[in-house]
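J.: The structure's right below; bear with me while I get my questions together.
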């Protein structure tokens with residue numbers, strides 16, 4: 001098992017949640033509107049994410065603009081043998 005930890009600035013995450021909530025009716029099940037309300041009311045912060053605490057190989061991926069590292073590196077991480 002491996003962990004790919006996608007990261008993005010909180011402002012970018014907020015904009016993406018707002019956009020998805022307005023465009024995709026299937027997102028209703030994810031509670032995006034409630035999340036946005038909680039953020040606006042100060043009951044939730046996108047800066048407070050707690051990472052998975054399992055001791056597993058992990059790869060941080062910045063998704064601000066595409067994927068950094070790129071998909072080739074991500075695919076290699078997923079298929080490399082674990083010591």
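J.: Among the listed residues 59, 35, 78, which satisfies the condition of being part of a helix (DSSP H, G or I) and surrounded by 13 or more Cβ atoms within 10 Å (Cβ to Cβ)?
T.: 35
J.: Within the bounds of the range 66-73, is there any residue that is at pLDDT below 95, within 15 Å of the chain's Cα centre (by Cα) and outside any loop (DSSP other than H, G, I, E, B)?
T.: No.
J.: Every residue in the range 4-37 that is without any contact (Cβ under 8 Å) to a residue 12 or more places away in the chain and farther than 30 Å from residue 77 by Cα, please.
T.: 19, 22, 23, 24, 25, 26, 28, 29, 31, 34, 37 - these are the residues of the range 4-37 that are without any contact (Cβ under 8 Å) to a residue 12 or more places away in the chain and farther than 30 Å from residue 77 by Cα.
J.: If we keep just the residues of the range 38-56 that are outside any loop (DSSP other than H, G, I, E, B) and touching a helix residue (DSSP H, G or I) at 6+ places or on another chain (Cβ under 8 Å), which is farthest from residue 77 (Cα to Cα)?
T.: 39
The values are calculated or read from the model by the stated rules, or taken from the named source; none is laboratory data. Predicted model only: the values in this text are computed from it and were never measured. Neighbour counts run over all protein chains shown; Cβ positions are idealised from the backbone, glycine included.
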